[in-house]
Amino acid sequence: MSTKVVERKPLSAWERSYIPSILGGLGVTWKHFKRTAPFLGNKPITMEYPEQKWVVPEGYRGAPYLVKDQEGATKCVSCQLCEFVCPPKAIRITPPGPEAQQADRANAEKMPREFEINMLRCIFCGLCQEVCPEEAIFLQKDYSLTGTSRQEMVFNKEKLLKLGGTHAGIQKWKHKLEEAEAQESFPVDTH
Amino acid sequence: MDFLQNLDPSVQFVLFSIVKIAVVFGVTMSFVAYSVLVERKVSAWIQDRVGPNRTAPPAAQFIPILGPFLTRLGIFQPAADGLKFLLKEDFTPSYVRLAYFWLAPAIAVIPAFMTLAVIPFGSTLGNPGNKMVIADLDVGILYTFGIVSLGVYGIVLAGYAANSKYPFLGGIRSTAQMISYEIAMGMSVVSVFLLVGDLNLSKVIEYQAHGGWLVFKQPLAFVIFLVAAFAETNRLPFDLPESESELVGGYHTEYSSMKFALFFLGEYANMIASSAMMVTLFFGGWTLPFIGEPASGLLGGLLHIGIFVAKMVVFMVMFIWVRWMFPRFRYDQLMDLGWRRFIPLALANILVTALVVAFVNR
């Protein structure tokens, strides 16, 4: 490999007098001052956070919440895949067992009796969303979670469902049902 | 006011002096507090930020329009800053040299205030016998240089007393820097006094009232004085004793609470003193090209003080502004600038001025 010798020109007497750099410095600082100072430009680039908030981009990985389907029923079927995949073990699911209500929608055998996410442990990795076969848990746009105690930061099923809202975009079982009905009337070659 | 006139002249003198000292001290202290705010705000604006805009006493929000406006300007910030310094833990590391550790902040702050004594901040308030200067010394400028050199000891002692490497390095740098720039500073003023023919600062202003501002007659002396003033007050681009990016906090690394605040105070008081000095020596003090005679009434006297303060504020803003214009000088560049450029230039300036005074201005 050949080396390239960078030519370093000696500074001229004018440059060594510091005057060009003084003028340059003055120009740059004045330009910024004029743009930012009130009564002049009044356009600081600072975002004053609690009053002004940034637009959360699409696909942002915020806090994971449970979602309801288009009829307002719990989507989660208590399969516990997210609990097993969760790297920091932030999710804790209590299955319904024999005595509790099994599910609040058709097409589902079960729903969790209790679903807890410890938001202090959660690392917002999104593995729970990825692994969920029912599309019942999504990382949403919440990034500012605060509480006054550790207990308060453990979100239960009721709270998670309320925060998550209805997710009508993906309607897995509705389409499954349509597909099943279509199958029945489809002309099948019986040879 | 009659009973004041009937008093013994010496009692009058003492009384007026005490009042002047109190007022100058109070004004300087509030100036220090608010120049910190101005520094924070101007720095913020130069860097496209907002600056302190939240601090306010609870009552401020009830004042319509003005309250939020002042809060946004950060008017209440200095009070919070001062309170913070008072209430913080005063931590003394176990390895310091205690006596010097306690002495250094005091030595840093006292000379800064003492230099203000000889600066004529106005003409009179109507009474011609009562000049608006705390001490109308005939050796004015010599006194100033004598006191200013003491200010070095505060920083050097702080560096030595802290017994740790960063303050020590800061102290070493400051010793070299302040001593070498004091020479250039002193020499630049010599040519001014060759022209004026008197060391008394009131006489310097009198000369400028009739003969025009000295900055036009001695521009080189002004430039040298200005740069040396930056070096003497440890301001960027010459803040090598502090240089927080390489020496943590320089000479005041080990200090906390009020002791640290005293160094802070000393630095800003020094800035105020050198601004006042530059205004007095080169920019006509309280005079303007069309206002030169000492005031005959209270109003005129206050106007003169106002002119002086306004000129000083311009220099203070310049001190703050320059901070963001340059990167810090390297140690050898600083020494090179001081010894190999400014001292020969100042000497040449003295020589030329002396020749002009001797042969032309007879």
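Assorted remarks:
- Test result for A:ARG113, in contact with an Asp or Glu (Cβ under 8 Å, 6 or more places away or on another chain) and open to solvent by 70 Å² or more (accessible area, probe 1.4 Å): no
- Where B:ASP81 falls short, out of the listed (1) touching a His at 6+ places or on another chain (Cβ under 7 Å); (2) charged (D, E, K, R); (3) away from chain A (no Cβ under 14 Å): (1)
- Selection from the stretch A:12-27 of residues that are within 10 Å of another protein chain (Cβ to nearest Cβ) and surrounded by 13 or more Cβ atoms within 10 Å (Cβ to Cβ): A:TYR18, A:SER21, A:ILE22, A:GLY25, A:LEU26
- Any chance B:VAL38 is open to solvent by less than 20 Å² (accessible area, probe 1.4 Å) and within 14 Å of chain A (Cβ to nearest Cβ): no
- In the stretch A:1-111, counting only helices (runs of 4 or more DSSP H) that sit wholly within it, none holds 3 or more residues that are at positive phi and charged (D, E, K, R).
- Helices (runs of 4 or more DSSP H) wholly inside the stretch B:174-252 containing at least 2 residues that are more than 24 Å from B:ASN163 (Cα to Cα): B:201-211, B:214-217, B:219-232
- Hey, B:GLY285 surrounded by fewer than 20 Cβ atoms within 10 Å (Cβ to Cβ) and modelled with pLDDT under 80 or not: no
- If the condition is being farther than 24 Å from B:TYR268 by Cβ and crowded, with 22+ Cβ neighbours inside 10 Å, then the stretch B:201-239 contributes B:SER202, B:VAL204, B:ILE205, B:GLN208, B:LEU214, B:GLN218, B:ALA221.
- Consider the stretch B:301-328 and keep the residues that are within 14 Å of chain A (Cβ to nearest Cβ) and aromatic (Phe, Trp, Tyr). The one that is least open to solvent (accessible area, probe 1.4 Å) is B:PHE319.
- Qualifying residue in the stretch B:42-59 (condition: more than 14 Å from every other protein chain (Cβ to nearest Cβ), assigned to a helix (DSSP H, G or I) and without any contact (Cβ under 8 Å) to a residue 24 or more places away in the chain): yes
- Of the set (1) closer than 27 Å to B:LEU214 by Cα; (2) surrounded by fewer than 19 Cβ atoms within 10 Å (Cβ to Cβ); (3) modelled with pLDDT under 80, all apply to B:LEU298 but (1).
- Helices (runs of 4 or more DSSP H) within the stretch B:291-362 that include 1 or more residues of a type in the set (D, E, K, R), farther than 15 Å from B:LEU226 by Cα and out of contact with any strand residue (DSSP E or B) (no Cβ under 9 Å at 6 or more places or on another chain): B:331-335
- Selection status of B:LEU262, aliphatic (A, V, I, L, M), in contact (Cβ under 8 Å) with a residue 12 or more places away in the chain, within 21 Å of B:PHE31 (Cα to Cα) and within 14 Å of chain A (Cβ to nearest Cβ): no
The values are calculated or read from the model by the stated rules, or taken from the named source; none is laboratory data. Every value quoted in this text rests on a predicted model; they were computed, and no experiment measured them. Positions of Cβ are backbone-derived with ideal geometry, glycine not excepted, and every protein chain shown enters the neighbour counts. Ligands, DNA and RNA are stripped out before the accessible areas are found, and what is left, the full protein with its side chains, is counted by its heavy atoms. Shrake-Rupley method; radii C 1.70, N 1.55, O 1.52, S 1.80 Å.
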